[in-house]
Amino acid sequence: MNAPLAYAREHTLDLTSNPSWWDAESECTLVLAQPWTEPELWDEYIAGAVRSYQKYGVQDALDTDRLASGEDTILFFAAIDARGRVLAGLRAKGPLTSADDSHAVVEWAGQPGLPAVRKMIDDRVPFGVVEMKTAWVTDDRERNRSLTRVLARSASHAMALMDIQFCMATAGAHVLGRWRSSGGVVAEHITPTPYPDERYETRMMWWDRRTFTKFAEPEQVSKMLAESRALARMTSGDAGAHSFNRGRGRVAGPAAVGALGELA
């Protein structure tokens, strides 16, 4: 077995519960799940992504077949408000076994930056790479910014849960600042690609589990560390009370889950 494939098989993730916690800034319950553990929530997340991408005329960027099956998604994050509505989400695919597993090679197809994209991914595959995809947030301007910051923190959680070193994402230049807040670093040497169309300049961003706290905003670092400690307890089986199950009609709010500082 080749090394990348062996690494990927050793670093698969199978959640026995779906961790959830209350985020006071966005006033949402954040849920971490897998498509097969929360199929109803997964469908709601996909529906929100389709609506969001269609509104901006970029629905062709969605891999609808893969989204429908969830086959290439190892986990996903969803933000749910007190009324039970999914207001934001994103998914993670990986661990990647080569650059060909990444959607980035599609985005840079025919562009001068493609060889650099491939090399950057392939060089990191032996250390573990997860790719964050299909991010979307509500159009509500009062909540848009806080929810984007919430999603940005998911990179650190995905790396920790999968015990891998790198996380990557591609995004338009207009939103890179919010993703940088959690320690993401833009690959400046890679020429942007006009994807999904000429209106956009899409760039590649990386998080390194060893160093991302050096580049993240202090407030984001504080929240990521608090959330990571809570997730460690929840995924170890010590905090079953904070497990989410949409199939049972449970929507946790601040009274049910508590602020991160209150999690025990």
**OP:** Give just the number: which of (1) under 25 Å from Gly70 (Cα atoms); (2) touching a residue at least 12 places away in the same chain (Cβ under 8 Å) does Arg85 not satisfy?
**Re:** (2)
Original post:
What number of residues within the range 79-91 satisfy the criterion of being surrounded by fewer than 22 Cβ atoms within 10 Å (Cβ to Cβ) and in a strand (DSSP E or B)?
Top reply: 0
Original post:
Among the residues of the range 96-139, which ones are over 21 Å from Glu201 (Cα atoms) and among the small types (Gly, Ala, Ser)?
Top reply: Ser98, Gly128
**OP:** Name, by its number, the condition in (1) closer than 24 Å to Ala47 by Cα; (2) of a type outside the set (A, V, I, L, M, F, W, C); (3) open to solvent by 10 Å² or more (accessible area, probe 1.4 Å) that does not hold for Arg124.
**Re:** (1)
Original post:
Which members of the range 138-148 meet the condition of being open to solvent by less than 20 Å² (accessible area, probe 1.4 Å) and either charged (D, E, K, R) or in contact with a strand residue (DSSP E or B) (Cβ under 7 Å, 6 or more places away or on another chain) (or both)?
Top reply: Leu147, Thr148
Subject >> Of all residues making up the range 173-231, the number that are open to solvent by 20 Å² or more (accessible area, probe 1.4 Å), out of contact with any Ser or Thr (no Cβ under 7 Å at 6 or more places or on another chain) and under 23 Å from Trp21 (Cβ atoms) >> reply: 10
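Tally time: how many residues in the range 92-113 are open to solvent by 40 Å² or more (accessible area, probe 1.4 Å) and not in a loop (DSSP other than H, G, I, E, B)?
Residues that pass the stated criteria total 3.
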Subject >> Matching residues, the range 47-78, being in a helix (DSSP H, G or I), aliphatic (A, V, I, L, M) and without any contact (Cβ under 8 Å) to a residue 60 or more places away in the chain >> reply: Ala47, Val50, Ala68
Subject >> Top-ranked residue of the range 30-49 - restricted to ones that are in contact with a Phe, Trp or Tyr (Cβ under 9 Å, 6 or more places away or on another chain) and more than 14 Å from Leu151 (Cβ to Cβ), ranked as most open to solvent (accessible area, probe 1.4 Å) >> reply: Trp36
**OP:** Answer yes or no as to whether Asp14 is farther than 17 Å from Leu147 by Cβ, of a type in the set (Asp, Glu) and not in a loop (DSSP other than H, G, I, E, B).
**Re:** no
Subject >> Of the criteria (1) in a helix (DSSP H, G or I); (2) of a type in the set (A, V, I, L, M, F, W, C); (3) surrounded by 17 or more Cβ atoms within 10 Å (Cβ to Cβ), which one Ala135 fails >> reply: (1)
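The values are calculated or read from the model by the stated rules, or taken from the named source; none is laboratory data. As the structure is a prediction and not an experimental result, all values here were calculated from the model. For neighbour counting, all protein chains shown are included, and Cβ atoms are generated from backbone atoms with ideal geometry for every residue, glycine included. Note: areas computed on protein heavy atoms with side chains; ligands, DNA, RNA excluded. Shrake-Rupley method; radii C 1.70, N 1.55, O 1.52, S 1.80 Å.
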